[in-house]
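Worksheet: the structure to be examined is printed underneath.
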Amino acid sequence: MRIGIRSAISALVLTSIVVSAVGVHLLWWRTAQRVSQTLADTINDQIVSAVGDELQSITTEARSSMTAVRTLLTEKVLDARDARKRQFVFLSQLQSQPTISWVAFGWPDGSFFAGHKLGDAGVEMLTISPDRKLRADRYDYAGIDIKLRDSTVEDGKYLVTEQPWFRDAIAARDQQWSTLTTLPRGERLAAMLAVPIDVDGERTGVLAIIIELTRVSNFLSQLTVGKSAGAFLLDRDASVIASPDADADELNALKTDHPLLPVAVAAIRQAGKAYDPGEGEAYRSQVTRDGQAYQAVLTPISFPGWSLVTVVPESEFLGPVRMTIRNLLIGLAVLIAAAGLLSAWLAQRLIAGPLIKVVGEIRHVERFDLDKVERHPSRLAEIENLSGAIGDMAQGLAAFRKYIPADLVRRLVSDGNGARLGGAVRPMSVMFVDLAGFTGMSERLGDRIIPLLSHYFDIVSAAIQQESGTIDKFIGDAVMAFWGAPAANPDHAADCCRAALACQRAVAQAGLVDDKGEAVRIRIGINSGDMLVGNIGSEVRLNYTVIGDAVNIASRLEGTNKVYGSTIIIGPETRRLAGDRIVVRELDRLAVYGRAGGLEIYELIAMADEGAIARDWIASYETGLAAWRAGDFTAAIAAFERSLQLRGTDAAATLMIARCRHQLANPTDEDWDGTTVARSK
């Protein structure tokens, strides 16, 4: 027979509650006069914690929005003068952060732009010119979208450069909090986080995140503060900052008719100099009003000069206390003894032992030692289900290893960073492999191409992993792989070249043929350089990949094989890093599609340690290439023909001969430098 884990935990919780209750109630019994103070403190702590959490949430959301918009501005992703993009960014922050009331930007010339909420029904975008002309665009929410309601232009009174917060922020070095009462739409008490914005070393303005404190009043109304207690935010002069009001928002002003508000104000004034909000210590007092006694606790909070005042009527909790204690003491004494023994036995027998075994299996999963995971039966249904779920998870992760390299997962786990968005620039090499003629082949074969494609992927993947490469992704018939991450690899260029040659040999040895019975050929592009590698994507899905100009060039080089009839083309940085460990032929100077400057491209022939390799035809070709660049096309033709004769067949030499003859027949301008410009990807 199995019992639920809730029953076991309930026994422990019951025991803890009972023991705690006995201690508290015995203390109350002996010190009946202190009951009021103890309960008031308990209620106050709960309120302070809740309000503190809410204010922390508000400040966190404000800082989050500030960081997001500030980054867009300082990194020049967003131009503050770009009205359309600016409105989109400000609106997105207002929609994503429920506690934020305003997002605003002011310029030193007096220009001002802000978006603010119209309660929960819509938003208003304000544009104020230096001559105080105010344009207002009001939008209503339509599902997740917004719809323009109306637009108005009017003479306003608000000028941002006259506002103390703006003058302080424009001269500040970093973000700062402040309170203000004057907003573009009138007098409203609000908290503001403002920061100066510098772009290219020039101070362009001030970004501000504003929270109207009516939202705090709305939050206070939702607190459960005893049956008839209340919580209020007051400043050092007993002025109301926030009072429980369920209707308060950006459109509805705060109502100050709460019946306990006068008690809170009286508590502040009664404390006088004995209480200083700046010292960080709570102050307790008893206030009598209209014959009713109240416990009031004044607690400083994070905003300077503000206090949280909780007011609890003593009649709420003093009545049934003594009678309840008397009735509970006898029953609790018996219950404690029995529950203590039972809970200790249950904890060891049903929970601690089985959980230790389950934790051991979780450690196997954590280390990705999935083959060592075992299932453990238990009398607790939940623990047995947990053990089974861990076993199922291990099976699922074992299949998942086919999608993500296991060494990458282990590194993420060992680093303790998890799959977080971000990356770093590293020197790396990247390779693109693709099937020649795949488009036509797939059109002819349809889904019958899958076995051929799968066999090809198996061959290429094995060759890449054999040379310590990381397979990034499959893109149609293309395979993208890189070297140098997640583990650093100083020989990334040579290893990448070795893997490319291994792919070429493996495909040839596998005897892959297409539907016409012709041997399948592959094309490979390789390039090296600084690349951004890391977890790139969105918050819901990430891909450990590389991006950058060097990656784009490698992709272009793969397609360039079609022009020169080659199989593997590498970039100049790969050539430099691999050095004399590889045998190459310089093919051409090429301006790849999308780039203005030319770069030397090379055909990878072999690794230098693979034995004797005939290089006379390579020397002849490169002699012809030098003559071609010098404009001596007759000498170039002779050298290319020698290379062609030595090698037998060479599409690149044939292509260059044709180009030389074209130049002889159609001379070019004097600034011609022999660079070939690619007209397509």
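Each value in this text was obtained by applying a stated rule to the coordinates, not by laboratory testing. These numbers were taken from a predicted model, which means no experiment stands behind them. For neighbour counting, all protein chains shown are included, and Cβ atoms are generated from backbone atoms with ideal geometry for every residue, glycine included.
State whether region 83-183 is rounded, prolate or oblate according to the following rule on the C-alpha gyration tensor (a ≥ b ≥ c being the square roots of its eigenvalues): a/c under 1.5 gives rounded; otherwise a/b larger than b/c gives prolate, and the remaining case gives oblate. Could you put the intermediate results ahead of the total?
On the way: a/c = 2.08, a/b = 1.39, b/c = 1.50.
Note, shape of region 83-183 comes out oblate.
What shape does region 587-681 take by its C-alpha gyration tensor, where a ≥ b ≥ c are the square roots of the eigenvalues and a/c under 1.5 counts as rounded, a/b above b/c as prolate, and the rest as oblate? Walk me through the numbers on the way to the answer.
Working: a/c = 2.25, a/b = 1.33, b/c = 1.70.
In terms of gyration-tensor shape, oblate.
Taking only C-alpha pairs under 8 Å that are 6+ residues apart, what is the relative contact order of region 417-613 in percent? Could the numbers behind the result be given before it?
Working: 382 pairs, mean separation 46.4, N = 197.
For region 417-613, the relative contact order is 24 percent.
Report the trypsin sites (Lys or Arg not before Pro) located in region 147-242 that are in a DSSP loop and have at most 14 other Cβ atoms inside 10 Å of their Cβ, or state none. Provide the component values of the computation, followed by the final result.
Numbers: sites: Lys147, Arg149, Lys157, Arg167, Arg173, Arg185, Arg188, Arg203, Arg215, Lys227, Arg236; in loops: Lys157, Arg173, Arg185, Lys227, Arg236.
Counting only loop positions with at most 14 other Cβ atoms within 10 Å, the trypsin sites (Lys or Arg not before Pro) in region 147-242 are Lys157, Arg173, Lys227.
Give, rounded to the nearest 20 debye, the magnitude of the charge dipole that region 78-212 has about its Cα centre when Lys and Arg contribute +1 at Cβ and Asp and Glu contribute -1 at Cβ.
Working: 17 positive and 20 negative charges, 31 e Å.
Dipole about the Cα centre, nearest 20: 140 debye.
Could the peptides 381-387, 428-434 be put in order, highest first, of the mean number of other beta-carbon atoms found within 10 Å of their residues?
On the way: 381-387: 17.7, 428-434: 27.6.
Averaged packing, sorted descending, gives the order 428-434, 381-387.
Checking the table Lys473/Lys562; Lys157/Lys273; Lys85/Lys117; Lys76/Lys157; Lys117/Lys273; Lys85/Lys133 against a 28 Å threshold on Cα-Cα, which pairs fail?
On the way: Lys473/Lys562 22 Å; Lys157/Lys273 40 Å; Lys85/Lys117 18 Å; Lys76/Lys157 31 Å; Lys117/Lys273 39 Å; Lys85/Lys133 22 Å.
Too far apart for the 28 Å limit: Lys157/Lys273; Lys76/Lys157; Lys117/Lys273.
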